[in-house]
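Here the structure is laid out as structure tokens; the discussion comes afterwards.
Values quoted throughout were computed directly from the atomic coordinates according to the rules given, and no laboratory measurement underlies them. Given the structure is predicted, the values throughout are model-derived calculations rather than measurements. Cβ sites come from the backbone with ideal geometry, for glycine too, and all protein chains shown count toward neighbours.
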Amino acid sequence: MRNVLSKLVTDLSKKLSVHALAALLMLSAAASAYSAPKTVLVLGDSLSAEYGLARGAGWVALAEKKLKDEKIDAVLVNASVSGETTSGGRTRLPALLAKYQPALVVIELGANDGLRGLPVKAAEANLRAMNEAATRAGAKVVLVGMRIPPNYGRDYSEQFFAMYGALSKEFKAPLVPFMLDGVADKTALFQPDRLHPLAQAHPTILANIWPVLQKTIKAK
């Protein structure tokens, strides 16, 4: 009888230990998932890289501050480079995905392709490849659209602008239709080169991007 009781106690101890260990592991995983902020990778050109501005004056820095103010558990990584094209972004993205493992990738690229008159189909292919790479890495994409002057004809400009909407539908990706809405038609908001907005324009740029960004971060 004593042996039977001893075996029952030993078995119960083992079961309790296993259950306790399982509970601890679950609590640890939950705590880790809760405490780890979402990483948002911004892949853009000079419009996001604070070209000609004091550090911290661009829309990405303003967005980071807004995240903190609204207590949204996310961090922004600004991987934007002045002069970047969709081809350059496509080349750089895989390494950035591996390094930062973002939950969300904001793609603000294409303006330099359009200003150089590069084929719309080429830019489209590059943006599609970036979306596919991000999706494979488990990240959601937000597309930031751009309009360009009709330097290469109205047809080219319209095709370029329409590209973002078409890709947004194809990817089922949230879209900011035009990041410079409310800025592009105001020459006083631009630096002397007439291409890059002044610091005072960036709150408006953020206002164009923030609703889509905020909603997507919360939904991810």
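Here are the numbers for the structure shown:
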read-out	value
Under 5 Å, built H, 5+ apart or other chain: amide partners of residue 106	41, 42, 43, 142
Protection proxy ranking, peptides 170-176, 52-58, average beta carbon neighbours within 10 Å, highest first	170-176, 52-58
Eligible aspartates and glutamates near residue 220 by straight Cα distance, threshold 12 Å, same-chain separation 8 or greater	73
Karplus-derived HN-Hα couplings along region 70-78 (A = 6.51, B = -1.76, C = 1.60, θ = phi - 60°), whole Hz, x at Gly and Pro	8, 6, 8, 7, 8, 10, 9, 10, 8
Other-chain or far-sequence residues with amide H under 5 Å of residue 76's (modelled H)	40
Förster-model FRET efficiency, 30 Å R0, residue 91 and residue 187, C-beta, rounded to 0.05	0.30
Amide H contacts of residue 85 (H built 1.01 Å from N, under 5 Å, at least 5 apart or other chain)	none
